Structure formats: structure tokens, C-alpha cells
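Remarks on the structure that follows.
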Ligand SMILES: Cc1cc2nc3c(=O)[nH]c(=O)nc-3n(C[C@H](O)[C@H](O)[C@H](O)COP(=O)(O)OP(=O)(O)OC[C@H]3O[C@@H](n4cnc5c(N)ncnc54)[C@H](O)[C@@H]3O)c2cc1C
């Protein structure tokens, strides 16, 4: 490259400080309550990630969209070099596989759930960033399954190439013909035949199954439908995507978006024979595995959603300062209602971040099981915050906000799925509600005891209980209003 070309390229490079010299780097924006739990190593990585996302990934997002083309064939068979270039850069920067928490796995980059949570926020601002750092769903949850429950042979065959970013994976639990939020309904049959399991049935919403590099389906089925314990009837087995008898029937759209090349597949199993050595943990352990998988996965979605909400707010305030868009002669931010909405978004996002940090700290202190309440709180609150923030931003853009000219419409479509993915809001709210209600009787007893104590104190101090708003005196005195 000639010297003048290199100079031109350097001058075109996006430098965050050029836009706002006073902007604080990510490491200095960590919430106060989380700071004591964040290592120096993580702080440095956070700053690197922020710049990588803002300067390399976000500008590359629309280019990737253009590179995969516009026919279903090209969109689900392409793998643009652009993504591999970003992955190379992320590896060189040392921001790779940050999601595997150091307390539970030796294979990761050595960060805690909280530290990764803060990083995932930045990854959530870009379509490509998570995959560029090998931290994208559903691979993250799938790698955790393999690292946590896999045999050595299963790990070498599937975990190593996944950790290396060479292949991708899908998690197949949801089915079209049942209510899948209750996984005891799972209908895909798994019947033993010699040293193989034979799988028959249907799956859908198998995220990642559209990617040409998706090589493994971590599949849940019913291996023992007669077991008296409904939570021991299911098993999880590793299915090589090339196994005869398994095929992707079609891809599903999300509010019209195909999410290519990752996508969400409807997958059919017809007498698909899988060797018994591919069973994870053993027959009947499926529930245990999905519970172990979904905890951290849910919090990862929440962490990325906080970043998406920050991006929405950035778009919102940018529009409010756009000199070309001044309705009724004023900047949008000079219309009071917009300031109000900006402030509300700031409050909501900061609150959502705290609830996510709290859940991550609790997982670090115990494990995902010990943090069920905190994870559920984040799982419900954060998508709501994201959608409300996006809605305000979209409104500020007018018609531009609902079309393809900003990322907001696509982000809303994706954000809306978060209220359904990994269990709908209602299921989490019901569990939270039940857990709170367990204290109901104790609360009832305590309040009654407090009332009794108040009555004793009235007596002790010789006063009677009076209601200063009691108006019955009017009748006695005949007073009129
Ligand atoms: C974009 C996207 C990606 C996905 N990726 C994957 C994936 O990779 N792998 C996978 O296996 N699945 C995936 N899913 C599927 C997702 O996990 C399921 O859709 C979810 O678990 C709900 O199951 P269901 O769709 O069968 O809804 P159902 O179980 O039929 O529930 C429908 C509705 O009933 C209501 N409901 C359910 N339970 C209760 C209750 N207890 N109280 C009150 N109301 C209730 C809720 O409103 C709920 O939305 C994905 C879904 C989407 C949208």
C-alpha cells in the first residue's frame, strides 16, 4: 500500500475520541456497585472491546448484510470473509471466548460472569460483534453444555472446534406441535436400537441451523415416556448435522426478518440413528442439562440487550440533535416531551444494567441455580426496557424509524423475541410470584403482630386510636361546609 493510501485510510479510521473527547472509556463507566468485583485485566479488555465494537464491528454490520446477498440461497450459504477478518482481529486483541466463567471452566478467557456481562453489553450493540469474539448464542450456551457435561471424546470432537470458532451449533428443544415452554411436553421420540438411538419428530426455532457451518444439533427428546417422574423422561443427545435422517425443512422469519445466515430452522428427524456415545450425561438427564444451560444463557441475552438499549438511546439523542430535522423550528431536544423520554430511557437502562450486574454477581458467588430469582428478574425486566427505549427512539425518527434506514426496526423485532425466547415472561413471572407468595403467611402474621403491639402501646401511653379524617363530628355540631 502506498504511503498516501495508508495515510488516507488512517485518517478515515473512526476514532471515538474524535467525536467526544470527554467520553469516558468503558472501564470508567462500570456501575459503582459492580466496581469492586472487576479485575484490572477485565477493565483493560472492556476498553478494547468497546473500541473494537464501535470502530470495527458496527461499521461492518450493514456491509455484511450486503455481502450475503438477497436470495434465500445466497443468504443461507454465504460466509463472508469480512467476518473471518473480524474474528482474526478479535483473537489478536485477546478478546475471544470471554463468556466461559473462570470459576467453573478452565477453557475460557478467565473472566467472571459479571466481567463478561459488562463486556456483552458492548457486544450487544452490533450484529457481528458477538460472533467476532466467539461469544454468540446459541454457541455460548452449547459450549457450556459440552464443557460442563460432555465426555472427553465429545469435548474433543465438538467443543474444541466450537471454542476455536471453526464450526457453529444449534440447540433443538422447541417443537411446533406442543406448548414448548413446558418441556415435559417434548414429543421427539428417542428409541434404543442396539447401540444406537433412533430419533423421530419435529423441531423448530432451531437458531443457527441456517448457518452453513452449523455442524452439531444438541437435541432434546423423550427417551423414556413411561418414567413415573415426568422430569426423567427426556434426554439430550449430540446429533451431527450430516447424520442421515435429519434435515432442515425451512427457515422461519422474525417479523419478516430472516436473521440470515444464522437463521431459525424447522428441522425434521426421520429414523435418524445416533450412536449411544453421543448421549450427554446419560438417559433421563435431559432436564438437568437444559436447566444448567438456560441459566447463564438467559443472563447473556439480558446483558446484550442492555447494550442494544444503549444503542437505541444513542440513536434517539442523535436524532434530537440533527440540525436537518427541526419540526416547528426547534431541535427535537428543545421539545420538552423528548427530554422527558430521554431521561426516562436513561433511568430505565441504568436500572436494567444494575439488575443484570446483580444477577451476574450472584451467579459468580453461587451458581446459576443459586441465582434463579435474580436471573428471572433480569430476564423479564431487560427486554421490556429495551423495547420501551426502542419505541421512544423509533417515535423520534418518525417514519424513518420503522423502515430499513436505521437499525431500530430490526432491533425491535429481535428485542421483541426476548420476551419469548428461553421461556416466555409469564413462566418466569409465575415462578417469581410463587416464590414471593411463600412469604405471604409470614408477612400476614408479622403485620398482625405489629398491630397487636400498636394496641399495647396505645394502652401503655393512655391514648386512643383516632382517625383525624373521621368527619362524624359534623353531625354532632351541625357544622356546614
Ligand atoms: C427468535 C427465536 C429464537 C429461538 N431460538 C430457539 C432455539 O435456538 N432453540 C429452541 O429450542 N427454541 C428456540 N426458540 C423457541 C422459544 O424458546 C420458545 O418459543 C419458547 O420457549 C416458548 O415456547 P412456545 O413457542 O412453544 O410457546 P408456548 O409454550 O406454546 O406458549 C405460548 C404462550 O403461552 C403463554 N404461557 C405459556 N406458559 C404460561 C404460563 N405458565 N402462564 C401463563 N401464560 C403462559 C405465554 O404467553 C406464551 O408466550 C426461539 C424462539 C424465537 C422467537
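Which of (1) within 16 Å of the ligand (Cβ to nearest atom); (2) surrounded by 13 or more Cβ atoms within 10 Å (Cβ to Cβ) is the odd one out, the single condition residue 342 does not satisfy?
(1)
Listed here are the residues, each with its yes/no results for (1) within 15 Å of the ligand (Cβ to nearest atom); (2) closer than 18 Å to residue 101 by Cβ; (3) surrounded by fewer than 18 Cβ atoms within 10 Å (Cβ to Cβ); (4) modelled with pLDDT under 95.
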site	(1), (2), (3), (4)
121	no, yes, no, no
128	no, no, no, no
133	no, yes, no, no
140	yes, yes, no, yes
144	yes, yes, no, yes
152	no, no, yes, no
155	no, yes, yes, no
160	no, no, yes, no
163	no, yes, no, no
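Per-residue answers, yes or no, for (1) within 13 Å of the ligand (Cβ to nearest atom); (2) touching a strand residue (DSSP E or B) at 6+ places or on another chain (Cβ under 9 Å); (3) not assigned by TED's automatic domain parsing to the domain that holds residue 209:
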residue: 240; (1), (2), (3): no, yes, no
residue: 252; (1), (2), (3): yes, yes, no
residue: 255; (1), (2), (3): yes, no, no
residue: 283; (1), (2), (3): no, yes, no
residue: 309; (1), (2), (3): no, no, yes
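A quick yes/no check of all residues on (1) surrounded by fewer than 16 Cβ atoms within 10 Å (Cβ to Cβ); (2) modelled with pLDDT of 95 or more; (3) within 15 Å of the ligand (Cβ to nearest atom):
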{"residue": "202", "(1), (2), (3)": "no, yes, yes"}
{"residue": "215", "(1), (2), (3)": "no, yes, no"}
{"residue": "223", "(1), (2), (3)": "no, yes, no"}
{"residue": "233", "(1), (2), (3)": "no, yes, no"}
{"residue": "245", "(1), (2), (3)": "yes, yes, no"}
{"residue": "269", "(1), (2), (3)": "no, yes, yes"}
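Please determine whether any residue of the range 81-99 is touching a strand residue (DSSP E or B) at 6+ places or on another chain (Cβ under 6 Å) and surrounded by 22 or more Cβ atoms within 10 Å (Cβ to Cβ).
Yes, some residue in the range 81-99 is touching a strand residue (DSSP E or B) at 6+ places or on another chain (Cβ under 6 Å) and surrounded by 22 or more Cβ atoms within 10 Å (Cβ to Cβ).
Picking from 292, 265, which residue would you name as being in a strand (DSSP E or B) and either under 30 Å from residue 118 (Cβ atoms) or under 21 Å from the mean Cα position of the chain (by Cα) (or both)?
From the options 292, 265, the qualifying one is 265.
Collect the residues in the range 434-465 that are within 30 Å of residue 304 (Cα to Cα) and either surrounded by 11 or more Cβ atoms within 10 Å (Cβ to Cβ) or touching a helix residue (DSSP H, G or I) at 6+ places or on another chain (Cβ under 6 Å) (or both), keeping them in residue-number order.
435, 436
Of the residues 179, 153, which is closer than 18 Å to residue 294 by Cβ, more than 20 Å from the chain's Cα centre (by Cα) and outside any strand (DSSP E or B)?
179
With respect to residue 405, is the statement that it is at positive phi and within 28 Å of the chain's Cα centre (by Cα) true?
Against the criterion (at positive phi and within 28 Å of the chain's Cα centre (by Cα)), residue 405 does not qualify.
Here are 86, 46: which of them is part of a helix (DSSP H, G or I) and more than 18 Å from residue 307 (Cα to Cα)?
The unique qualifying residue is 86.
Out of contact with any strand residue (DSSP E or B) (no Cβ under 7 Å at 6 or more places or on another chain), outside any loop (DSSP other than H, G, I, E, B), within 16 Å of the ligand (Cβ to nearest atom) and at pLDDT 95 or above: is that true of residue 277 in this structure?
So residue 277 fails the test.
Looking at 429, 386, 408, which is the one that is within 16 Å of the ligand (Cβ to nearest atom) and crowded, with 22+ Cβ neighbours inside 10 Å?
386
Tally the residues that are within 8 Å of the ligand (Cβ to nearest atom) and either in the same structural domain as residue 123 (by TED's automatic domain parsing) or surrounded by 20 or more Cβ atoms within 10 Å (Cβ to Cβ) (or both), restricting the search to the range 411-420.
1
From 73, 44, 28, which residue is surrounded by fewer than 17 Cβ atoms within 10 Å (Cβ to Cβ) and under 20 Å from residue 208 (Cβ atoms)?
73
The values are calculated or read from the model by the stated rules, or taken from the named source; none is laboratory data. Computed from a predicted structure; not experimentally measured. Positions of Cβ are backbone-derived with ideal geometry, glycine not excepted, and every protein chain shown enters the neighbour counts.
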